[in-house]
Structure formats: structure tokens, C-alpha cells
Amino acid sequence: MRATTPVLRNCADLATLRQFQCFDPASGRRTWQGMGRLMMRVISALVKIGLASLITGAVLSALNLSAAELLAEIGLTPDRVFTALQEGAAWAIPNIVLGSMVIVPIWFVTYLLRPPRN
């Protein structure tokens with residue numbers, strides 16, 4: 001006797017993250033089948049971006065162009081770009097931490113007080 005793959009039905013609202021949580025009638029449990037597809041799409045996009053960047057970098061290198069030369073064309077230096085990134089991180093990280101100190105507890109309380117989904 002061959003085991004069959006259960007048909008997933010009754011998927012939750014597509015407007016929320018719960019769109020990936022579906023009911024499996026064979027086991028009577030909820031599953032996260034769609035989450036694997038989402039991760040594969042994200043990984044696929046990252047691989048495509050990396051491959052396109054590698055090819056573009058190889059072509060620019062073959063044309064004897066460097067990042068420093070391209071930055072000089074627009075009036076920047078590598079040190080100035082690095083300093084701007086550091087200043088941006090120095091501004092953003094404290095604001096992210098401060099905001100999360102408010103948002104995370106609110107989210108946690110609303111998560112706890114949510115009615116059951118059965």
C-alpha cells in the first residue's frame with residue numbers, strides 16, 4: 001500500500017504571514033508547507049544578484065575599471081563612502097534598538113491576547 005501526500009486545504013488569510021500555514025486534513029494539524037517555497041525564492045534572488053554582480057565586476061575589471069575610479073568619477077573616495085556608512089550605522093542602530101523596545105512588547109502582548117484560531 002502506497003502512502004499518498006495529503007492535500008492541503010483551508011489556507012489562512014493571504015494578507016498575513018499566516019498565508020503559509022495550512023491545515024493538513026490527514027493529520028489534523030497545521031503545517032508550514034509554503035515557508036520552504038518562500039525561502040527558496042529569497043535564496044534564488046540572492047544567488048541571482050550575486051551572479052549578476054560577479055559578471056558585472058568581471059566585465060568592468062576586463063575594461064580596467066576599478067571601484068575607486070568609478071567613485072572618483074562621481075566625486076567620492078572609498079574612505080568617504082566608508083565614513084558615510086559608519087555614520088549611517090551609528091545613527092540607525094540606536095534608533096532601531098529604541099524602537100524595538102516599544103514595538104516588541106506591544107507585539108508580544110497582542111500575540112498573547114489573540115483569540116485561539118481553532
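The values are calculated or read from the model by the stated rules, or taken from the named source; none is laboratory data. From a predicted model like this one, the values you see are computed outputs, not experimental measurements. Cβ sites come from the backbone with ideal geometry, for glycine too, and all protein chains shown count toward neighbours.
Okay, residues lined up against (1) touching a Ser or Thr at 6+ places or on another chain (Cβ under 6 Å); (2) modelled with pLDDT of 95 or more; (3) under 30 Å from residue 111 (Cα atoms); (4) aliphatic (A, V, I, L, M):
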| site | (1), (2), (3), (4) |
| --- | --- |
| 4 | no, no, no, no |
| 7 | no, no, yes, yes |
| 34 | no, no, yes, no |
| 43 | no, no, yes, yes |
| 52 | no, yes, no, yes |
| 67 | no, no, no, yes |
| 93 | no, yes, yes, yes |
| 97 | no, yes, yes, yes |
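When the residues of segment 82-118 are filtered to those that are of a type in the set (Ser, Thr, Tyr) and over 30 Å from residue 71 (Cα atoms), which remaining residue is surrounded by the most Cβ atoms within 10 Å (Cβ to Cβ)?
Residue satisfying both the conditions and the ranking: 100.
Output the residues belonging to segment 62-78 that are surrounded by 10 or more Cβ atoms within 10 Å (Cβ to Cβ) and among the charged types (D, E, K, R).
The one that is surrounded by 10 or more Cβ atoms within 10 Å (Cβ to Cβ) and among the charged types (D, E, K, R): 69.
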